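Heads up, the thing below is written out as structure tokens.
The values are calculated or read from the model by the stated rules, or taken from the named source; none is laboratory data. Predicted model only: the values in this text are computed from it and were never measured. When we count neighbours, we look across all protein chains shown, and the Cβ atoms used for this are built from the backbone with ideal geometry, even at glycine.
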């Protein structure tokens, strides 16, 4: 299972090339406090031989001071690096760790279990393909299990591994495992995972502290015929979860090194693009064809989702940072009104009517929450009407923007369906949103300004980012 390879000693270039071609899986661990999230990650790193000897020695010495595992090495200390985390034995901030096996590369996020750090858990989950929900076998499904499962579902994570941990403390009782599995399946039905439960849900009885069914099969669970946690990580299908049909290319930078070259840089957020494809620029609606797909390693005939490339066009049309390139025939909303799920991350509550920056991919515009439709109680999934959205709350809101932006529903496309909310004074990110739909699914109504006035406004905004389009009428 180790990442180690004989090629490291015989042909390092071949090893690096092999490593580069491995598929990348992003995952996170979540669950209630003391369910063993950090210990699990430490066990994965230890058993896949991804720990240096000096790191292991440091953890062994720290175990005597901060450890909670008696005479056994406390592998959680590999992840919990903050002093406050070690003193309290909890995870506070999101910690990312990187490891690999012969089959895949992994980026794993260790997220907090405390309710007050829900925003940290949502941040860690936003880029993940798979979530590991840990459950203490002694206590079963808890409030935080429901909370984190709901957030994972809300953020579009389709693969869930329910790791029933600390089975050693219940003598690896099969009945305990079956009861927790049954309870969680009921929760999965509420969250809409019923139809695909067999393909998206995995249940593993394990002990992160002792390594049972983490990397290697345990002889203490002869009644369990499923895969170990590592085997699931290495084989779970993730390529099929990517949107390869709808081409979306948010423009991040216009590359103009000389008079003979104008390229538009960015990462293919979804779908694919070929040389010669007819491309529409949004929100302007201008159309051209792809002349070349340029990379540092040479030109390509085709670019796929996840590739960072530079596109050149056959026609001289206006394309700027913040624009989105799509195939000409694609149907996609360009709207300044939308409905979204909003996770609030600031101490100061959010009230309807206050202006914020809203950032969609590389596009930023002023806007405000025009209405708080309802707040969602993530413990009971009940909906309630509120006047303000507090820290760690999740609500459904109506958003009014000053400019039209290119939108997809979040569950269809994360790149063009997600946004962040930024305080205009402090420039701190205060919220994260997932688009449910553009209002009425229609394109925003035509602006009161002429095309010339809109072009002038866009030109000023490029040089003065804090420009507010509402000031255009004053200037004219």
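When residue 347 is evaluated against the numbered criteria (1) at pLDDT 95 or above; (2) more than 21 Å from the chain's Cα centre (by Cα); (3) not assigned by TED's automatic domain parsing to the domain that holds residue 270, which criterion, by number, is the only one it fails?
Only one criterion in (1) at pLDDT 95 or above; (2) more than 21 Å from the chain's Cα centre (by Cα); (3) not assigned by TED's automatic domain parsing to the domain that holds residue 270 is unmet by residue 347, namely (1).
Could you list, in sequence order, the residues of the stretch 160-174 that are surrounded by 20 or more Cβ atoms within 10 Å (Cβ to Cβ) and either in the same structural domain as residue 412 (by TED's automatic domain parsing) or over 25 Å from residue 375 (Cβ atoms) (or both)? Walk me through it before giving the result.
Looking only at the stretch 160-174, we keep the residues that are surrounded by 20 or more Cβ atoms within 10 Å (Cβ to Cβ), and these are 160-167, 172.
Scanning the stretch 160-174 gives 161, 162, 163, 164, 165, 166, 167, 172.
From the list 133, 151, 157, which residue is in contact with a helix residue (DSSP H, G or I) (Cβ under 8 Å, 6 or more places away or on another chain), in the same structural domain as residue 37 (by TED's automatic domain parsing) and under 18 Å from residue 344 (Cα atoms)? Can you show your working first?
On the way: 133 fails: under 18 Å from residue 344 (Cα atoms); 157 fails: under 18 Å from residue 344 (Cα atoms).
Selected residue: 151, the only one of 133, 151, 157 that is in contact with a helix residue (DSSP H, G or I) (Cβ under 8 Å, 6 or more places away or on another chain), in the same structural domain as residue 37 (by TED's automatic domain parsing) and under 18 Å from residue 344 (Cα atoms).
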